[in-house]
1. Taking a quarter of the surface of the convex hull around the Cα atoms of the chain, what do you get in nm²?
2. Give me the distance in nm between label points sitting 7 Å out from Cα along the Cα-to-Cβ direction at residue 266 and residue 106, one decimal.
3. For the range 1-90, which GluC sites (Glu not before Pro) are both in a DSSP coil and crowded by at most 14 other Cβ atoms within 10 Å?
4. Choose one of 126, 105, 252: the residue whose Cα lies farthest towards the positive end of the charge dipole of the chain (beta-carbon charges +1 Lys, Arg; -1 Asp, Glu; about the Cα centre).
5. Provide Rg and Dmax in Å for the range 208-300, with only Cα atoms included in the calculation.
6. Roughly how big is the range 3-184's charge dipole about its Cα centre, with Cβ charges of +1 (Lys, Arg) and -1 (Asp, Glu), in debye to the nearest 20?
7. Taking 0.36 nm per residue of separation and subtracting the Cα-Cα distance, what length does fully extending residue 42 through residue 296 add?
8. In sequence order, what are the phi-derived ³J(HN,Hα) couplings for the range 269-279 according to the Karplus relation 6.51 cos²θ - 1.76 cosθ + 1.60 with θ = phi - 60°, rounded to whole Hz, with x for glycine and proline?
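What follows draws every value from the coordinates through simple rules; no lab data is involved. What you are looking at is a predicted structure, and each value in this text was computed from that prediction instead of being measured. Reconstructed Cβ throughout: ideal geometry from the backbone, glycine too, with neighbour counts over all protein chains shown.
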Amino acid sequence: MTFTTRLKEEISKLDNNEIEKRAIIEGFLRYNSLIKDKLTITLENASVTRLIYTILKEVFEVRPKIIVRIQKRFRVKQIYILEVYDKIEYIKEFINIKELPLLDSDEEKIAFLKGAFLGVGNVSNPKTSGYHLEFILDKETDAKYIAKLLNYFHLNAKVIKRGYKYIAYIKMSESISDLIKMFRAINSLFEFEDTRIYRDHKNMVNRLNNCELANQEKTIKSGLSQLEDIHFLEENNLIPLMDEKMQLVITYRKKYPEVSYQELAQIISLETDYKVGKSGINHHFRKLKQIKESFLNKEKR
């Protein structure tokens, strides 16, 4: 069962008041129904089917006909078809498909979005892919209206065209979480947040590990470069010309070529009488490089 399926099932099992029921059915029928001489609704989720069937009975006082079919293309699944033959003109007037919905309260807006999501919504699995929640619509005006509703709640929604469809979508994990919270789907919210926290923690650990590896590579590269400088100075018998502290640092760098300046300073401070810090070690190696470059310049002249 996908995360979308679990979310829709949870939403469909929540209690709704009369205002919410009317907004839910308007949002659902507007984008996921066919109305001609009869009303036809096709669904794949049994729980959502029960909710829509119940709301149709209560709001329009009709008794939908239920048809169950088995679809075997790609995988075997049940398809639920609801058909309504009564009060078609009243239902058309209720939906008023030619005009944008008039939703006054936040309660109505959220319930309308809930109905639209049950009909044409989809959310990616937060465990296996990036964060993405979308409404798949036939008309650009509908997609822009859904995006406008989402942005009323500061969810940073956008619209794109995909093939012959228009998509109103949100990608920010915080916005998706807020919408699920608005839908009152608490179990799905906890699942989404647990996954988001785990992924964020994992990404942070990976970034820290990458940073640590980069620092280690930089330290090793620096140590090897200093060993080359030391070897050059030894070949040219320049080490005896340096003071005792410089010679001590050189001895310990040869002994510990892979450690950082901070670690080298701590080792020298612990094992000898010379108390030195990271900046002191850096000063010694800059001076060492300067001696090498000075010698090379003299050789060229």
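1. On the way: hull surface 106.9 nm².
With every direction weighted equally, the projected area is 26.7 nm².
2. According to this spin-label approximation, the distance is 5.2 nm.
3. Values: sites: 9, 10, 18, 20, 26, 44, 58, 61, 83, 89; in loops: 44, 61.
Answer in residue order: 44, 61.
4. Looking along the dipole axis, the top candidate is 126.
5. Every Cα atom of the range 208-300 included, Rg and Dmax give 13.9, 46 Å.
6. Working: 33 positive and 25 negative charges, 213 e Å.
It comes to approximately 1020 debye.
7. Working: separation 254, 0.36 × 254 = 91.44 nm, distance 8.36 nm.
Gain in length upon complete extension: 83.1 nm.
8. Ordered by residue, 3J(HN,Hα) equals 5, 7, 9, 9, 7, 8, 8, 9, x, 4, 5 Hz.
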